[in-house]
1. Contact order normalised by length for region 156-272, with contacts defined as Cα pairs under 8 Å and 6 or more residues apart; what percent is it?
2. Measuring from label point to label point, each 7 Å out along Cα→Cβ, what is the V57 to D187 span in nm?
3. Just the ratio, please: alpha-carbon radius of gyration of region 13-68 over 2.2 N^0.38 Å, N its number of residues.
4. Given Cβ point charges of +1 (Lys, Arg) and -1 (Asp, Glu) and nothing else, what value in debye, to the nearest 20, does the dipole of the chain about its Cα centre take?
5. Might you report the magnitude of the Cβ-based charge dipole of region 13-68 about its Cα centre, with Lys and Arg at +1 and Asp and Glu at -1, to the nearest 20 debye?
6. May I ask which residue of S32, L65, L47 lies farthest towards the positive end of the charge dipole of region 13-68, with charges of +1 (Lys, Arg) and -1 (Asp, Glu) on Cβ and the Cα centre as origin?
7. Would you mind getting me the FRET efficiency between D49 and A18? Use the beta-carbon distance for r and R0 = 30 Å, nearest 0.05.
8. Go ahead and estimate [θ] at 222 nm for the chain from helices alone: -39,500 (n - 2.57) per DSSP H run with n ≥ 4, summed, over the residue count, rounded to 500.
Amino acid sequence: MNDPEPGPRPPTALDILAVLDRSNCRECGAPSCLAFAALALQKQRSLDDCPHLDPAVAGRLRDLLSVREQPDWTGREALAELLQRFRDEKPDIAARAAKLGGWMRDERLAFHCLGKMFEVDPDGGLHSDCHQNPWLHVPMLSYVLDSAAREPAGDWVRFEELKGVHAWVRFFEHSCQRPILELALEDPILSQDIWHLFAAEDHVEGFQADASFLLRPLPKVPFVLTYRAPDDEIPASASVFLDHTAAANLDPESLFRLGRGMAEMFRKVAHRHGSGIVPR
């Protein structure tokens, strides 16, 4: 099994200092800009306390500072806990297979994930003939152990509208929604071709969008990505939606990991094919 990839590098006090004017004016109450940066990093000063820091820059810096609060970026701790649960609880994966939208293949529980087959063995190991995406292992095991296996209802909501996800909203926005939007704005044709490659359906009813794609990273945890082209003074937009049953079928941290993992996968595909359109 591959080690999960790390998330964005948490900022340091020097990163904060780099966007300050370094006048050491002391209007923030700190003896120097460096001291202010250290205090802001430790949440003992608000970025708004600096009278010379541009609000837009402060907003972007706040997003970066939120990365420091993200627990267990690599997923190693979460994965270790889930593997221990498999050993302790010995779940009957055969009994869970049909409910979860999977099937048994020899002694392993098999699923389709974005059109590729993955298998979970009785000890929680993840197997696939294709490249193993480490961001999938934790959500997959959580899905097997804890999913309510509710059928998606086609009632699409934004992540922040799901029950019980409050602590993960800013992380989902920073690491899933925003990267997908940036990719779509940078190259709308390429991004839609990438989504098409992994989509179960190319059009989803009920969205006022120029394009919509249904993706199934887990059988009963679908995502919808939408794109709207710019219109007069309205800028282009891209959005991520989940079925309202998502919070019953997967815990908030695993939903975040799925969204973040897909966004990172799209970015890597775009990087490889950036000189042309991904073939359909």
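1. On the way: 171 pairs, mean separation 38.5, N = 117.
Relative contact order comes out at 33 percent.
2. 3.1 nm
3. Working: Rg = 9.9 Å, N = 56, 2.2 N^0.38 = 10.2 Å.
After normalising by residue count via 2.2 N^0.38 Å, the value is 0.97.
4. Numbers: 31 positive and 43 negative charges, 106 e Å.
Approximately 520 debye in magnitude.
5. Using only the charged Cβ atoms, the result is roughly 180 debye.
6. The residue sitting most towards the positive pole is L65.
7. Values: r = 18 Å, r/R0 = 0.58.
Rounded to the nearest 0.05, the efficiency is 0.95.
8. Estimated from H runs of four or more residues: -11000 deg cm²/dmol.
Every read-out reported here was derived from the displayed coordinates using simple, explicitly stated rules and does not represent laboratory data. Keep in mind that what you see is a predicted model, and the values were worked out from it rather than measured. Don't worry about glycine lacking a Cβ; one is built from the backbone with ideal geometry, like all the others, and counts go over all protein chains shown.
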